[in-house]
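What follows is a short report on a single structure.
The values are calculated or read from the model by the stated rules, or taken from the named source; none is laboratory data. Being a predicted model, the structure only gives us computed values, none of them experimental. All Cβ positions, even for glycine, are placed from backbone atoms using ideal geometry, and neighbour counts span all protein chains on display.
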Amino acid sequence: MRHIEAFLDWGGTKKDVICLALSGIALLVSIFGLLPLPFDAAWVAIVLCGVPIILEAVVGLVTAFDIKADVLVSLALIASVIIGEDFAAGEVAFIMQLGALLEDLTVARARAGIERLVRLTPRTARVLAADGEHIVPAEQVKKGDILRVLPGETIAVDGVIISGQTSVDQSVMTGESLPVDKAAGDGVSSGTVNRFGSFDMEATRVGEDSSIQRMVRLVQSADAGKAKIVGLADRWATWIVVIALTAAAGTWMVTGEVIRAVTILVVFCPCALVLATPTAIMAAIGNATRHGFLVREGDALERLAGVRLFAFDKTGTITTGELHIAAVEAWGGVTGEEELLELAAAAERLSEHPLGRAIVTGYAERTGRVAPEPGSFAMLPGRGVEARVGGRCVLAGNATLLSERGVDTAACALPGEKYTAEGCTVTYIAVDGTAAGLIALSDTMRPEAGGMIGELRACGVEPVLLTGDHESAARSMAARAGISRFRASCLPEDKLAFIDERQSSGEPVCMIGDGINDAPALKRACVGIAMGGIGSDIAVDAADIALVGDELRELPHLLRLSRRMMLTIKCNLSFSMLLNFVAIVLAMTGALEPVVGALVHNAGSVLVIINSAFLLKWRQRR
């Protein structure tokens with residue numbers, strides 16, 4: 001059995017091309033009698049193209065009693081040879097293999113698009129040790145190793161820069177078109193390219209845990225065979241084999257003409273039916289990849305076509321997850337807004353809290369200057385920070401901090417409530433024991449979110465926002481994004497309950513999220529889509545589809561593509577069934593001979609593959 005399987009796998013596509021070329025030449029020699037051979041040249045096509053089909057049918061029957069198209073094709077080949085129709089047998093084998101080659105090329109083209117997007121991990125890494133630099137295979141890098149990356153090199157593993165400055169091309173992972181500046185403390189991902197400066201880094205995720213390997217695993221799992229509709233086509237194929245054998249036997253008994261029975265076997269082979277679904281799915285997966293999606297299984301696209309509700313997480317999905325300064329207010333005559341921001345940025349300069357870092361970053365963006373160094377600094381967990389800036393005592397934090405230090409917070413109440421109601425996070429500032437003002441920080445909505453929501457509505461689906469944020473923040477962001485329904489203060493189990501509620505009422509849900517807390521919902525939803533660029537590993541693993549570049553604007557295209565794919569599959573199946581039944585009627589009446597029948601049948605298979613291939617570059621015109 002191993003020898004048979006080895007023969008079937010030998011050479012792959014190159015073998016198929018060589019065999020088809022030789023078989024095509026042999027069939028031309030046979031039909032035109034170009035060479036005086038002691039045997040019919042069609043036997044070259046029978047041996048090169050037909051024998052592998054017969055062997056595959058035997059393997060399937062013996063190992064799994066798998067009755068598929070190759071069983072009927074084998075019967076047609078053998079019957080044609082028995083009645084002396086060598087050319088018909090060779091032609092059937094040749095066109096069957098041609099159809100199979102076209103299918104392989106369609107699938108290969110789709111997979112090639114995926115592989116271009118996620119490039120392979122580099123084979124080597126430059127490891128620093130006590131005795132100097134060593135070039136080692138990338139798979140031998142261990143967590144904690146110190147690596148040096150030179151300009152132009154691809155980063156082998158995930159890690160954190162410990163020294164040096166550079167710019168990194170992260171397009172393979174995030175889709176960003178411009179290199180991103182990196183310095184000590186910044187994280188870098190495997191598969192990305194170091195463009196300019198050299199740097200040293202500490203490996204944090206290696207081998208199968210690295211970002212690029214995770215993406216490669218998503219590619220490898222893109223398997224059209226998992227779709228439910230593929231199984232349906234296979235079951236139909238089995239029944240068609242039985243019907244074809246019955247029709248052939250009945251026609252032979254009634255007419256006494258074995259050639260009609262053989263023609264029925266030739267034309268009723270369900271190859272086009274079997275090819276109809278997987279070629280469409282793989283072509284659609286290739287299309288989705290070109291637009292930044294990694295589809296883990298074809299079944300996800302089938303299920304997405306029936307979705308009627310899109311549930312979005314907020315932070316990191318509808319928004320970028322990056323805080324920015326929404327407003328600065330100063331009061332009490334202690335200081336002006338510009339000076340207040342400078343004092344706050346100086347006080348927060350040494351803070352590692354996200355709010356403090358956002359204030360420091362916002363100050364630099366607004367003024368083009370680096371915040372001054374504080375004279376002293378103290379982190380107050382759960383409250384804020386205390387620092388001396390230019391001889392002045394500055395408090396930056398929540399209202400509790402100011403109250404604990406004896407600062408009158410009466411002036412803070414109304415402005416703070418106003419910004420909180422708008423979904424902002426407020427940091428209060430006190431200078432020398434007096435409330436001086438506040439800084440409101442807000443998450444940044446993705447610029448494409450509003451347009452994407454509008455397009456989804458035009459496709460007939462309803463968006464809903466599910467977030468762990470408080471109600472005012474959820475309401476504000478939902479309104480800005482154009483989403484009318486939302487649920488706030490959602491724990492993971494709340495998101496899960498909402499999805500169960502909707503799906504139990506017959507409303508399939510597509511969940512889009514990025515965090516660990518979204519993983520249960522991504523898993524439970526009819527379709528889960530994870531933000532692959534910034535999403536957590538657990539979220540990506542739980543989802544059916546990963547959005548590599550986090551470009552939400554392509555979600556409507558993915559939805560429309562899934563519906564187009566299902567339409568293509570239905571057209572392919574309908575055409576295949578119609579062609580088979582028309583051909584069998586013509587074969588019963590004697591209107592089709594085996595040679596013409598083979599051409600008609602296999603032309604149908606080729607048309608199905610070509611129709612599916614159109615999905616590779618399909619995009620609905622607006």
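State all residues of region 554-596 that are outside the structural domain of Ala249 (by TED's automatic domain parsing) and either in contact with a Pro (Cβ under 9 Å, 6 or more places away or on another chain) or not in a helix (DSSP H, G or I) (or both); if no residue qualifies, say none.
Matches in region 554-596: none.
With the condition being surrounded by 16 or more Cβ atoms within 10 Å (Cβ to Cβ), I'd like the strands (runs of 3 or more DSSP E) fully within region 125-165 carrying at least 3 qualifying residues.
Hits in region 125-165: 146-149, 158-163.
How about region 284-307: which of its residues are among the small types (Gly, Ala, Ser) and modelled with pLDDT of 90 or more?
Once the filter is applied, which keeps residues that are among the small types (Gly, Ala, Ser) and modelled with pLDDT of 90 or more, region 284-307 yields Ala284, Ala288, Ala305, Gly306.
Scan region 399-432 for residues that are polar (S, T, N, Q), surrounded by fewer than 18 Cβ atoms within 10 Å (Cβ to Cβ) and either in contact with a strand residue (DSSP E or B) (Cβ under 8 Å, 6 or more places away or on another chain) or in contact (Cβ under 8 Å) with a residue 12 or more places away in the chain (or both) and report the count.
3
Give region 308-345 a look and list any residue that's modelled with pLDDT of 90 or more and either within 23 Å of Ala276 (Cα to Cα) or among the aromatic types (Phe, Trp, Tyr) (or both), or say none.
Once the filter is applied, which keeps residues that are modelled with pLDDT of 90 or more and either within 23 Å of Ala276 (Cα to Cα) or among the aromatic types (Phe, Trp, Tyr) (or both), region 308-345 yields Phe310, Phe312.
Going by the conditions given, is Pro151 modelled with pLDDT under 70, outside the structural domain of Glu302 (by TED's automatic domain parsing) and touching a Phe, Trp or Tyr at 6+ places or on another chain (Cβ under 8 Å)?
For Pro151, the condition - modelled with pLDDT under 70, outside the structural domain of Glu302 (by TED's automatic domain parsing) and touching a Phe, Trp or Tyr at 6+ places or on another chain (Cβ under 8 Å) - is not met.
Condition test on Trp252, is it modelled with pLDDT of 85 or more and surrounded by fewer than 18 Cβ atoms within 10 Å (Cβ to Cβ)? Break it down into steps so the answer makes sense when it comes.
Details: modelled with pLDDT of 85 or more: yes; surrounded by fewer than 18 Cβ atoms within 10 Å (Cβ to Cβ): yes.
Here the answer is yes, as Trp252 does meet what is asked.
Identify the single condition in (1) modelled with pLDDT of 90 or more; (2) in contact with a Gly (Cβ under 7 Å, 6 or more places away or on another chain) that Ser505 does not satisfy, given that it satisfies every other one.
(2)
Just checking, which of Arg366, Arg388 is within 39 Å of the chain's Cα centre (by Cα), over 28 Å from Gly532 (Cα atoms), in contact (Cβ under 8 Å) with a residue 12 or more places away in the chain and surrounded by fewer than 17 Cβ atoms within 10 Å (Cβ to Cβ)?
Going through Arg366, Arg388 in turn, just one is within 39 Å of the chain's Cα centre (by Cα), over 28 Å from Gly532 (Cα atoms), in contact (Cβ under 8 Å) with a residue 12 or more places away in the chain and surrounded by fewer than 17 Cβ atoms within 10 Å (Cβ to Cβ): Arg366.
Collect the residues in region 316-341 that are more than 21 Å from Thr409 (Cβ to Cβ) and surrounded by fewer than 19 Cβ atoms within 10 Å (Cβ to Cβ), keeping them in residue-number order.
Selection gives Thr320, Gly321, Glu322, His324, Glu338.
Considering Phe87, Phe39, which residue is surrounded by fewer than 18 Cβ atoms within 10 Å (Cβ to Cβ) and either at pLDDT 80 or above or not in a helix (DSSP H, G or I) (or both)?
Details: Phe87 fails: surrounded by fewer than 18 Cβ atoms within 10 Å (Cβ to Cβ).
Answer to the selection: Phe39.
When region 391-427 is examined, which residues are found to be of a type in the set (Ser, Thr, Tyr) and either more than 18 Å from Met379 (Cα to Cα) or within 43 Å of the chain's Cα centre (by Cα) (or both)? Walk me through how you get there before you give the answer.
Filtering region 391-427 down to residues of a type in the set (Ser, Thr, Tyr) leaves 400, 403, 409, 419-420, 425, 427.
Scanning region 391-427 gives Thr409, Tyr419, Thr420, Thr425, Thr427.
Being touching a residue at least 60 places away in the same chain (Cβ under 8 Å) and not in a helix (DSSP H, G or I) is the filter; apply it to region 469-506 and report the residue that is surrounded by the fewest Cβ atoms within 10 Å (Cβ to Cβ).
The qualifying residue surrounded by the fewest Cβ atoms within 10 Å (Cβ to Cβ) is Asp469.
When you check Glu176 against the structure, is it part of a helix (DSSP H, G or I), at pLDDT below 90 and among the acidic types (Asp, Glu), yes or no?
Against the criterion (part of a helix (DSSP H, G or I), at pLDDT below 90 and among the acidic types (Asp, Glu)), Glu176 does not qualify.
Does Leu592 meet the test of being farther than 20 Å from Leu304 by Cβ and surrounded by fewer than 23 Cβ atoms within 10 Å (Cβ to Cβ)?
When the stated conditions are applied, Leu592 does not pass them.
If I filter region 431-439 for residues that are in a strand (DSSP E or B), of a type outside the set (Lys, Arg) and assigned by TED's automatic domain parsing to the domain that holds Glu554, do I get at least one hit?
no
Of Gly433, Gly384, which residue is in contact with a helix residue (DSSP H, G or I) (Cβ under 9 Å, 6 or more places away or on another chain) and at positive phi?
Gly384
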